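None of the figures in this text is laboratory data; all of them are computed from the coordinates on show. The structure displayed is predicted, hence computed values, not measured ones. Cβ sites come from the backbone with ideal geometry, for glycine too, and all protein chains shown count toward neighbours.
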Amino acid sequence: MRQVTDFSDERNKGWCVHCGGPYETDDHMPSKVFLDRPFPENLPVTPACASCNEGFSRDEEYLACLLECILAGSAHPDDVERSAIARKLRDQPGLRKRLEAARRSEGDGVLWDVEVERVNNVVVKLARGHVAFESGEPRLDEPAGRGFQPLLAMSPAVRRDFEHVPDLPQIWPEVGSRAMSRLFVTGVDVFDEGWQEVQSRRYRYRVDGAHVRMVIRDYLAAEVWWD
Ligand SMILES: [Zn+2]
């Protein structure tokens, strides 16, 4: 993916962007569980402590598997499209059982019981990573708001607002941050494009000031914002 040099404040890079703990590992943003090989070059990374890095990975794995099962209409490894996820469902019978139990037939369709707290954890984690990477200013405080729902469940008006690209950035990025560098590298176009596509049909996101929007697997739309 397109990448630009970051000149933002070095003091913001010495600690975990999720909890302010020690910088022990580089966290891919998004985690590779949401992407397929060959992985995009220059995948963004943010500093994380070991415990945050490990703590989120189970929930991320759950969400990636859940989305694949929803798209397939089944939790059977043979049915899902992404081979990496099929492998996880084969190797982890516990996770597979849990997802099978979440599947409910209703009328002609299939509904899935979602473990909302786990999805919430992942969405806020991803947003923290994106906002830290793009603006150079990590947000450790609680977000002012958040939400997620399937893209298909949005009304046309809500969908338009979600995808909408403002004519001009509402909040100007810090001088030297990646977002500001993008503005110089590509002109105002970058804000017209708005979205950063990490991998087609897998993951895209956009950051406007402290408002982060993400679309995972072309299915789940999520947004998180800070005051
Ligand atoms: Zn941490």
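Taking 0.36 nm per residue of sequence separation and removing the Cα-Cα distance, the Asn42/Glu115 pair yields an extension gain of 23.1 nm.
Amide H contacts for Asp27 (H built 1.01 Å from N in the peptide plane; partners 5 or more residues away or on another chain; cut-off under 5 Å): Thr46, Ala48.
Ranked by the mean number of other Cβ atoms within 10 Å of their residues, highest first, the peptides 122-133, 48-59, 212-223, 147-158 come out as 122-133, 212-223, 48-59, 147-158.
Across all Cα atoms of the range 13-225, the radius of gyration (one decimal) and Dmax (whole number) stand at 17.6, 55 Å.
Subtracting the Cα-Cα distance of Tyr23 and Leu152 from 0.36 nm times their residue separation leaves 42.6 nm of extension gain. Which whole-angstrom value gives the distance between the alpha carbon centres of the range 29-97 and the range 123-148? When both Cα centres are located, 20 Å separates them.
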